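The block underneath contains the structure these notes are about, expressed in structure tokens.
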Amino acid sequence: MSVFIIRRLLQSMIVVAVMSLIVFVGVNVVGDPVDMLINPEADQAEIERVIRDLGLDRPLHEQYMYFVANAFKGDLGKSFVFGESALKLIVERIPATFELALTALLLAVVIGVPFGVYAGMRPNAISSRTIMAGSILGFSLPTFWVGLMMIMVFAVMLGWLPSTGRGDTVEIFGIEVSFLTLDGLSHLFMPALNLALLKISLVIRLARAGTREAMHQDYVKFARAKGLSETRVILVHVLKNIMIPVVTVLGLEFGSLIAFSVVTETVFAWPGMGKLLIDALHNLDRPIIVAYLMIIVLVFVVINLIVDIFYSVLDPRVRLKDAGQ
Amino acid sequence: MSEAIEQSAPAKVETPLQRFVSDYTDNKISVLAFIVLVAIIFIAVFAPWISPTDPYDLAKVSIFDSKLEPGAKSMDGVTFWLGTDSAGRDVLSAIFYGLRISLGVGVMSGIIALCIGSSIGLIAAYYGGKVDTLIMRIVDIQLSFPAILVALILISVLGKGVDKVIIALVLVQWAYYARTVRGSALVERNKEYIEAATCLALGNNRIVFRHLMPNCLPPLIVVGTVQTAHAISLEATLSFLGVGLPITEPSLGLLIANGFEVMLSGLYWVSFFPGIALLITIVSINLVGDQLRDVLNPRLQK
């Protein structure tokens, strides 16, 4: 087990190193580093000072070492637009993105499981077929377009929900959150639902497959034979068993929710780290881009590592296969 | 391969192609999806000739026709079935031209990714050992990141432009092809015809590309259709975010982004209809891919 974890940890570190190299080479070699790292409005003396400061007159491998050393100190440069530490700007935006992604995860379970269980109980009913067709549509619909249409219908035409921003926030443990105020909730609902759409389709499928399987199991027959009501059989016995794969898969999908929040945040002007990246790409705010990429790679590597370890605990075949190589 | 089957089978038995067609047409929805897809490809190829107006000819577009509702008529009597945008361009014509660009970018990146990915997959399967382990580790690591994230990383490193978007889409997709081909090539590699080819002392390249490759095609075709739909969707997303194609190449994603600006003042049609076009394209490709998977799957064949 510990061998497995060490192997995976090592691999994760290699991935981070390779990514830092790609990002570094991307910024410094593919483009003009002076152009990329120095504010275009700086004058000649300033440019020369910064070139010396950043060590751009030194050979590439030394520059890379310098970049890595600074990164370890938490210094990934200053934003051109905000004039603040790029890393700090991104870390400040993380709670907004996580709040959105976690709410989407919750919506996926709350909406997906009932529909999936219903479709699994009556696999041939027209209503179930409609649900399944809807879930196929959910996979094919472009997220950003659905977001636009939601704004169109619920904000512009009906005027029920606000279309942009985060609304009123409350501070707990020094972190601003929206979900504790009514205004914040109304702002949170649409973007979270939009982000959740793909995952709702996924949960419907998982829950349906799980329910179909569970309905023929002995424990369900036994529960019925005991004279339990159908509601209790479904809500307690079946639900408990199908929640295992649902929760596992959704845990795996949390990373992809964070990645896709880039799209949703842009549509709904949600002030998270994804929106910050897109704004930085438009403003050519390179330090922010570099810092975002390094942070997101780190987040993903950590998520993947946790998932791998979690999986190897659940399924011994994974670590045995890996040890055999 | 098909020739061999034809020769060994009695004359009355239908050819593989006939069987393929009859299997495919079993499902009516798949037939409909195929017809829709052919129509979309037709529109994309012949857009300049069948569009009601040329939306990018500045001499013909009139600002007086701007923001017209669907079905309204222009000053010269042309009907705008899907309305016009804020610059007076016909939305229907813009969709025709947009399909051309969206499909073009999607299909081109798909083909390049297929060539690169399947070659790498074949190499991994044929040589095995350390080469295989290394390639598949890279594939695994890449696939553990969502496609949109990989694309965003590449776009931020490469910059904007049509070529950059295609490169990004290729790099996002190659791993899927590599994995698919490796999977089926590993099965094929141990079959007698590869052994026979090896005994004939044919070159490695010849064995891999002339003998192994054609037999790995069916799953590749299925992955190809699904991945192309994915690429079209991803390009639209990137273009919508403003980090994809430049405004000189107005794909469906850019049309939707363009409509976003005027949507809050109630002009829903400018981004609604391009989105519908995108949706129909993606759904029809996915449905065709789904049916191909069932038809080409040897385990499901009688």
Would you confirm whether any residue within region A:287-308 is surrounded by 15 or more Cβ atoms within 10 Å (Cβ to Cβ), assigned to a loop (DSSP other than H, G, I, E, B) and either more than 12 Å from every other protein chain (Cβ to nearest Cβ) or of a type outside the set (Val, Ile, Thr) (or both)?
no
Verdict on residue A:171 being in a helix (DSSP H, G or I), at pLDDT below 85 and among the acidic types (Asp, Glu):
no
Tally, over region B:120-155, of residues that are assigned to a helix (DSSP H, G or I) and either in contact with a Lys or Arg (Cβ under 9 Å, 6 or more places away or on another chain) or more than 12 Å from chain A (Cβ to nearest Cβ) (or both):
17
Out of region B:156-190, which residues are among the charged types (D, E, K, R), closer than 30 Å to residue B:248 by Cβ and assigned to a helix (DSSP H, G or I)?
B:163, B:164
Can you tell me which of (1) crowded, with 23+ Cβ neighbours inside 10 Å; (2) under 17 Å from the mean Cα position of the chain (by Cα); (3) within 10 Å of another protein chain (Cβ to nearest Cβ) is the one residue A:280 doesn't meet?
(2)
Would you mind stating whether residue A:209 is within 21 Å of residue A:130 (Cα to Cα) and surrounded by 13 or more Cβ atoms within 10 Å (Cβ to Cβ)?
yes
Lone unmet requirement of (1) under 29 Å from residue B:288 (Cβ atoms); (2) among the hydroxyl-bearing types (Ser, Thr, Tyr); (3) free of Cβ contacts under 8 Å to residues at least 12 places away in the same chain for residue B:198:
(1)
I want to confirm something. Restricting to region B:188-203 and keeping residues that are touching a helix residue (DSSP H, G or I) at 6+ places or on another chain (Cβ under 7 Å) and within 15 Å of residue B:127 (Cα to Cα), which single residue is surrounded by the fewest Cβ atoms within 10 Å (Cβ to Cβ)?
B:198
Tell me the residue from A:41, A:46 that is outside any loop (DSSP other than H, G, I, E, B), at pLDDT below 85, exposed (fewer than 14 other Cβ atoms within 10 Å of the Cβ) and not basic (Lys, Arg), please.
A:46
Please tell me if residue A:234 is buried (at least 24 other Cβ atoms within 10 Å of the Cβ) and over 17 Å from the mean Cα position of the chain (by Cα).
no
Test for residue A:159: is it modelled with pLDDT under 80, within 13 Å of another protein chain (Cβ to nearest Cβ), over 18 Å from the mean Cα position of the chain (by Cα) and surrounded by fewer than 17 Cβ atoms within 10 Å (Cβ to Cβ):
yes
Is there a residue in region B:112-119 that is more than 11 Å from every other protein chain (Cβ to nearest Cβ), crowded, with 21+ Cβ neighbours inside 10 Å and closer than 21 Å to residue B:39 by Cβ?
no
Looking at (1) within 12 Å of chain B (Cβ to nearest Cβ); (2) modelled with pLDDT under 80; (3) out of contact with any Gly (no Cβ under 8 Å at 6 or more places or on another chain), find the lone condition where residue A:320 falls short.
(1)
Unmet criterion (only one of (1) part of a helix (DSSP H, G or I); (2) among the aliphatic types (A, V, I, L, M); (3) surrounded by fewer than 21 Cβ atoms within 10 Å (Cβ to Cβ)) for residue A:148
(3)
Going through region B:156-187 one residue at a time, which ones are more than 14 Å from chain A (Cβ to nearest Cβ), without any contact (Cβ under 8 Å) to a residue 40 or more places away in the chain and buried (at least 18 other Cβ atoms within 10 Å of the Cβ)?
B:184
Please determine, by comparing only the residues of region B:89-98 that are away from chain A (no Cβ under 14 Å) and touching a Leu at 6+ places or on another chain (Cβ under 8 Å), which one is farthest from residue B:174 (Cα to Cα).
B:90
One residue is enough: does region B:47-62 have a residue meeting the conditions touching a Leu at 6+ places or on another chain (Cβ under 7 Å), at pLDDT 80 or above and on the phi < 0 side of the Ramachandran plot?
no
Name the single residue that is farthest from residue A:159 (Cα to Cα) among those in region B:231-262 being at the interface with chain A (Cβ under 10 Å from one of its Cβ atoms) and surrounded by fewer than 22 Cβ atoms within 10 Å (Cβ to Cβ).
B:242
If the requirement is being over 19 Å from the mean Cα position of the chain (by Cα), within 14 Å of chain B (Cβ to nearest Cβ) and surrounded by 15 or more Cβ atoms within 10 Å (Cβ to Cβ), which of these qualifies: A:135, A:79, A:128?
A:135
Quick one: how many residues across region A:1-27 are surrounded by fewer than 17 Cβ atoms within 10 Å (Cβ to Cβ) and under 16 Å from residue A:311 (Cα atoms)?
7
Would you check if residue A:248 is of a type in the set (Val, Ile, Thr), part of a helix (DSSP H, G or I) and within 12 Å of chain B (Cβ to nearest Cβ)?
no
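Let's see how each residue does on (1) without any contact (Cβ under 8 Å) to a residue 60 or more places away in the chain; (2) within 14 Å of chain B (Cβ to nearest Cβ); (3) in a helix (DSSP H, G or I):
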residue	(1), (2), (3)
A:232	yes, no, yes
A:238	no, no, yes
A:260	no, yes, yes
A:270	no, yes, no
A:276	no, yes, yes
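The values are calculated or read from the model by the stated rules, or taken from the named source; none is laboratory data. Owing to the predicted nature of the structure, the values given are computational and were not obtained by experimental measurement. Cβ sites come from the backbone with ideal geometry, for glycine too, and all protein chains shown count toward neighbours.
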